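Take a look at the structure below.
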Amino acid sequence: LERIGPLDRRFRVAERRDLREAVRFGALIGAAQLGIDLVLNGHEHEFEITKPLVGQNVMPSMDNATVYVVAGGAGAELYGNGTGFWTEYSEKTHNAAIVRVRRDQLTFEAYRPDGTTIPGGFTKTKQ
């Protein structure tokens with residue numbers, strides 16, 4: 001698990017003006033090529049998880065791709081949510097995320113305040 005600077009608002013669909021910037025930014029840093037599996041972003045008061053991305057391209061699997069998550073609805077007023085070509089799931093909800101990292105496995109899960117699971121969680125295993 002690696003942290004690479006703040007990605008605030010990079011993959012938030014609610015502000016349409018950020019669409020091109022978000023796609024360009026993902027390609028610019030080459031996250032998938034750097035072996036980064038998951039990029040976590042908070043502050044935006046919503047939940048969104050992307051499909052696996054390599055640059056600007058949606059991939060059919062998580063192999064050698066990066067998933068971007070906005071999980072920032074911890075209690076303040078929620079923002080509107082939307083969808084883009086990269087969106088796996090998006091919801092206007094308060095949320096909490098759990099990331100489990102083992103030597104060969106990464107698991108991401110997100111929950112609503114009532115304890116129900118938010119769709120889009122995943123497990124990625126590497127050899």
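General remarks:
- Cβ-defined net charge surrounding residue 118, 12 Å radius [Lys, Arg +1; Asp, Glu -1]: -4
- Rounded if a/c under 1.5, otherwise prolate or oblate - segment 61-127, Cα gyration tensor axes: oblate
- Ranked packing of 103-114, 83-94, 65-76, most packed first, by mean Cβ within 10 Å: 65-76, 83-94, 103-114
Laboratory data are not the source of any read-out in this text; all were calculated from the coordinates shown. The shown structure was predicted, so the numbers you read here are calculated from the model rather than taken from an experiment. All Cβ positions, even for glycine, are placed from backbone atoms using ideal geometry, and neighbour counts span all protein chains on display.
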